[in-house]
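A short worksheet on the structure shown next.
The values are calculated or read from the model by the stated rules, or taken from the named source; none is laboratory data. Everything numeric in this text was worked out from a predicted model, so none of it was measured. Cβ: placed from backbone, ideal geometry, glycine included. Neighbour counts: every protein chain shown.
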Amino acid sequence: MTTDDSTALRASRSTEVTRLERVVVRFAGDSGDGMQLTGDRFTSEAAAFGNDLATLPNFPAEIRAPQGTLPGVSSFQLHFADYDILTPGDRPDVLVAMNPAALKSNIGDVPRGGTVIVNTDEFTSRNLTKVGYESDPLSDESLEPYTVHHVAMSTLTKGALESTGLGKKDAERAKNMFALGLLSWMYHRPTEGTERFLREKFAGKPVLAEANVLAFRAGWNYGETTESFATTYEVAPASLPSGTYRQITGNLALAYGILAAGQQSELPVMFGSYPITPASDVLHEISKHKNFGVTTFQAEDEIASIGAALGASYGGALGVTSTSGPGVALKSETVGFGVMTELPLIVIDVQRGGPSTGLPTKTEQADLLQAMHGRNGESPVPIVAPASPGDCFDAALEAARIALTYRTPVFLLSDGAIANGSEPWLIPNVETLPDLRVNFATEPNATDGSGEFWPYVRDTETLAREWALPGTPDLQHRIGGLEKQDGAGNISYDPDNHERMVRLRQAKIDGITVPEATVDDPTGDASVLALGWGSTYGPIGAACRRVRAAGLPIAQVHLRHLNPLPANLGEILAAYDRVVLPEMNLGQLAQLLRARYLVDIISHTKVAGQPFKAEELADTFTDIITSSNGKEGHL
Amino acid sequence: MTAIDLGLPALGGLDDVPTTEEPGKAKDYKSDQEVRWCPGCGDYIVLNTVQSFLPSLGLKRENIVFVSGIGCSSRFPYYMNTYGMHSIHGRAPAIATGLATSRPDLSVWVVTGDGDALSIGGNHLIHTLRRNVNLTILLFNNRIYGLTKGQYSPTSDQGMVTKSTPMGSVDTPFNPISLALGAEATFVGRALDSDKKGLSEVLGAAAAHRGSALVEIYQNCPIFNDGAFDVLKDKDEAASRLIPLRSGEPVTFGPQGEYAVVRSGFGGLEVAATSEVATADIVTHDPTIDDPAYAFALSRLDDQTLTHTPTGIFRQVQRPTYDDAAREQVSKARHDKPADLQAVLTGNDTWTVS
């Protein structure tokens, strides 16, 4: 491969070029068709070009669902733009459908006039029957509302790969790269990165590397040389804040945040985990970075993974465990034990659809009340929720700050949408990261002059107890799950002591210093507030922009801290006539806020396993703003 | 999958734990907390034995940690003037795994019971033994749930009438030694609560073992299962029931050594009259035999009735420990590539917006 070959892909164009501000592309195919990889690469090309972007992978829980069936469809949606965008897009402007199942399950999302590119080779009568098409949609009138491009991708790919000597079946597998090449041509994407990537990925199998590059180029050249595509499109680079960017997913950012927390606290990290979708990638990533002094422990079960993390915290490490909702259920007893023993611990919950096994690969925000209340007794735990993939990094550092400063388990609630979704990330300068170093106890501290160490003597400001590490002379002490005598920490069944300790543990969490909530109200005269938490930041923000663009005022507040809540939240809620709170659950935060602030929050909920669409939220917000019924009567 | 030979050296269990010239006496290991087990409980004797024994290790007291689960025996850490954690039901091995892995300078002891270790915590026990984490696990087996006031446990006799089994338990009990051996344990021993000398010997070897050492302690519960092990403590009965295991010696027992352990079919062992077998057929005890089948056969001499009960060390073999291997990977990774957070955050694929 020479540079000359590469520039050959920048041939002069005879097509008309249209400039667009934003495009949403969805690749859809069979689980085995490599749609996630294709989407990833197209994303990297958009990132390398300087667009802002957001992605939404969507795949079945089965590793290989039956081929060609509706349940086996895997898709990847990318939204890229010349301005800062907040969501992966509501509806695809372009759908690439690799087979009838992909077409059938995705066409409903394509707006009229949208572009559909299909791999005609897969539209056999057998495949059509498999998904219930009674007639071929490519020849009947059902696709009339769309601009449809018929491309025999399998045949063309096999043809392009004849020289490689690969068997037909192997050659056909590269058809996803053909599709990528075609789309890369349509959108004037840089191609060097993809070719480099393919050569690195298949470094051990040069024939496959060559085949994939050839297929990719064949796709590009197909667009260039055939006349079926009259128009190509340009989406200019976005004017993001200056700095160096990379693309990042939420799970990757979470892993980096944990590495950073270890560095900034100067503590070894014990990362205990048990494989679970969609959190496993955090374990995978962290296990690659043992040079950061991180030990990863893949335990026999969820319970052992959090147990080992907490045991290490007792010994002076930063204990971290990661899981999803069902795993949290199993870890709950240990979280409560961490509350009682007042040891630092980070519990990462990458939420998925529930209850029970639920929807492992789909997103939901329905673990909030589990994190808040899912333990026996009065067992308060702080909760931090990242708003976007990149924000997972900062949220992990914030969770570590709270855990270490206040000696408490902390929940970090990510979810499937931001775990797998990606966005450009302004790479932080490590010099600017917070100092998370802690002081361990070194001296006896008993307040009765006995010269002993009392594990439950508290800092008067934070109410955090002293953390004395095993190995420290003269500070031998015992902790455990039984109620502790205030100060001395011995077992105590005294009623007044229990009353005091329950209230002290609550007061410690209530007193955690968290940043005030900030209101985004550009016109300053909004009477409706859109409130959100976690991954709904994107769609809520995008919906607010649409509402404002239509001339209606709306304010937005997004919560990162759910326990404790920002001190100014009550005041903010009281300042608006109406507060609408979209959540991907049945109104869990709304329930907490109504109880706490006695505000009649309008709870707007959705549990479809998919993020909100900006369009549907904009409609909801508009209805609320324009309804003239005052506070009463809506919804 | 690629397998990598980790090439770890064999060490003693306490090699990384700081020692002292003044290890103190038994009283230095007693905390100021009032011991609250029932009068006559076997736990008292075990506690006294452990407190008397620990100074002999010569360790700094602050580098010893007792981690327990839930149950009567799990109150143990409160009475020890060391570091201690009274944790969650069944989870002590998991918690201790995290502690031992991150702190090689600690001597970590797990105190557990038959319900704690074999019922609710069975999963953690077997996986800890399999991994061979450097821990000493004291399993107090009284064959009953004491703290919850007398329900049958996973080591209770079949047919046992308890509060939860008024018609008799229908459960088949575990043999804890067999279970541990099946879980790839590298050190397995057994002692009686009342046998201070025998228990101390097993404890000494267990502490010196690098890896998971499981010590089953037959312990009497005077309230809910009183006398469960009396036949092993009765002067007339004990000699013909207890089979003391001594490395390098023929396995014989009885008041006059009139019984011996010999090989039987399918690689098993059985008890025979010494007078009726050739000396060469009597098994010479060797806990270091790599094949666990031998120790397993020893454990099967005991069929819950305590007719033939081996005590001492069943198995004592060297195998790389989980915690050593985990630390070695971290230290190799640090040596090979210094941590550079900025480089990781930046990655290989960036673009600049000016």
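What strands (runs of 3 or more DSSP E) completely inside the stretch A:85-204 contain at least 1 residues that are more than 29 Å from residue A:363 (Cα to Cα)? Spell out the reasoning first.
On the way: elements: A:94-97, A:115-119, A:147-151.
Fully inside the stretch A:85-204 and qualifying: A:115-119, A:147-151.
Can residue A:522 be described as over 30 Å from residue A:350 (Cβ atoms) and part of a loop (DSSP other than H, G, I, E, B)? Before you say what the answer is, go through the steps one by one.
On the way: over 30 Å from residue A:350 (Cβ atoms): yes; part of a loop (DSSP other than H, G, I, E, B): yes.
So residue A:522 fits the description; yes.
In this structure, is residue B:67 closer than 25 Å to residue B:122 by Cα, within 14 Å of chain A (Cβ to nearest Cβ) and either within 20 Å of the chain's Cα centre (by Cα) or surrounded by fewer than 15 Cβ atoms within 10 Å (Cβ to Cβ) (or both)?
On the way: closer than 25 Å to residue B:122 by Cα: yes; within 14 Å of chain A (Cβ to nearest Cβ): yes; either within 20 Å of the chain's Cα centre (by Cα) or surrounded by fewer than 15 Cβ atoms within 10 Å (Cβ to Cβ) (or both): yes.
For residue B:67, the condition - closer than 25 Å to residue B:122 by Cα, within 14 Å of chain A (Cβ to nearest Cβ) and either within 20 Å of the chain's Cα centre (by Cα) or surrounded by fewer than 15 Cβ atoms within 10 Å (Cβ to Cβ) (or both) - is met.
With a cut-off of at least 2 residues that are more than 27 Å from residue B:82 (Cβ to Cβ) and at the interface with another protein chain (Cβ under 8 Å from one of its Cβ atoms), name the helices (runs of 4 or more DSSP H) lying wholly within the stretch A:234-316.
On the way: elements: A:250-265, A:280-286, A:302-314.
Correct list: A:250-265.
Give A:471, A:449, A:421 a once-over and let me know the one that is more than 14 Å from chain B (Cβ to nearest Cβ) and surrounded by fewer than 23 Cβ atoms within 10 Å (Cβ to Cβ).
Working: A:471 fails: more than 14 Å from chain B (Cβ to nearest Cβ); A:421 fails: surrounded by fewer than 23 Cβ atoms within 10 Å (Cβ to Cβ).
Going through A:471, A:449, A:421 in turn, the sole match is A:449.
Restricting to the stretch B:200-227, name every residue that is within 19 Å of residue B:299 (Cα to Cα) and in contact with a Phe, Trp or Tyr (Cβ under 8 Å, 6 or more places away or on another chain).
Once the filter is applied, which keeps residues that are within 19 Å of residue B:299 (Cα to Cα) and in contact with a Phe, Trp or Tyr (Cβ under 8 Å, 6 or more places away or on another chain), the stretch B:200-227 yields B:203, B:205, B:206, B:212, B:213, B:214, B:217, B:218, B:219.
Filter the stretch B:324-338 down to the residues that are under 35 Å from the mean Cα position of the chain (by Cα) and either facing chain A (nearest Cβ under 8 Å) or basic (Lys, Arg) (or both) and list them by number.
Result: B:326, B:327, B:329, B:330, B:332, B:333, B:334.
Check off (1) touching a His at 6+ places or on another chain (Cβ under 8 Å); (2) part of a strand (DSSP E or B) for residue A:387 and give me the number that stays unchecked.
Of (1) touching a His at 6+ places or on another chain (Cβ under 8 Å); (2) part of a strand (DSSP E or B), only one is false for residue A:387: (2).
Using the structure shown, decide if residue B:78 is more than 25 Å from residue A:307 (Cβ to Cβ) and either at the interface with another protein chain (Cβ under 7 Å from one of its Cβ atoms) or hydroxyl-bearing (Ser, Thr, Tyr) (or both). Walk me through it before giving the result.
Details: more than 25 Å from residue A:307 (Cβ to Cβ): no; either at the interface with another protein chain (Cβ under 7 Å from one of its Cβ atoms) or hydroxyl-bearing (Ser, Thr, Tyr) (or both): yes.
Answer is no for this residue.
Could you tell me which residue of the stretch A:314-340 is surrounded by the most Cβ atoms within 10 Å (Cβ to Cβ), considering only residues that are under 24 Å from residue A:264 (Cα atoms) and among the hydroxyl-bearing types (Ser, Thr, Tyr)?
Selected residue: A:321.
Would you confirm whether or not the stretch A:485-503 contains a residue that is at pLDDT 95 or above, of a type outside the set (D, E, K, R) and within 34 Å of the chain's Cα centre (by Cα)?
No, the conditions are met nowhere in the stretch A:485-503.
Considering every residue within the stretch A:188-211, establish whether at least one is without any contact (Cβ under 8 Å) to a residue 40 or more places away in the chain and in contact with a Lys or Arg (Cβ under 8 Å, 6 or more places away or on another chain).
Yes - at least one qualifying residue is present in the stretch A:188-211.
Residue-wise test of (1) farther than 24 Å from residue B:331 by Cβ; (2) free of Cβ contacts under 8 Å to residues at least 40 places away in the same chain.
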position: B:87; (1), (2): yes, yes
position: B:92; (1), (2): yes, yes
position: B:97; (1), (2): no, no
position: B:105; (1), (2): no, no
position: B:110; (1), (2): yes, no
position: B:129; (1), (2): yes, no
position: B:132; (1), (2): no, no
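Out of the stretch A:424-446, which residues are within 12 Å of chain B (Cβ to nearest Cβ) and charged (D, E, K, R)?
If the condition is that a residue be within 12 Å of chain B (Cβ to nearest Cβ) and charged (D, E, K, R), then A:431 is the only one that fits.
When the residues of the stretch B:259-276 are narrowed to those that are surrounded by 14 or more Cβ atoms within 10 Å (Cβ to Cβ) and of a type outside the set (A, V, I, L, M), which ends up nearest to residue B:301 (Cα to Cα)?
Step one: of the stretch B:259-276, the residues surrounded by 14 or more Cβ atoms within 10 Å (Cβ to Cβ) are B:259-263, B:268-272, B:274.
If we keep only those that are of a type outside the set (A, V, I, L, M) too, we end up with B:259, B:263, B:268, B:270, B:274.
Numbers: B:259: 13, B:263: 11, B:268: 9, B:270: 7, B:274: 16 Å.
Filtering first and then ranking leaves B:270.
Can you name every residue in the stretch B:24-55 that is touching a Leu at 6+ places or on another chain (Cβ under 9 Å) and either more than 16 Å from residue B:83 (Cβ to Cβ) or buried (at least 20 other Cβ atoms within 10 Å of the Cβ) (or both)?
Matches in the stretch B:24-55: B:26, B:29, B:35, B:37, B:42, B:45, B:46, B:49, B:50, B:53, B:54.
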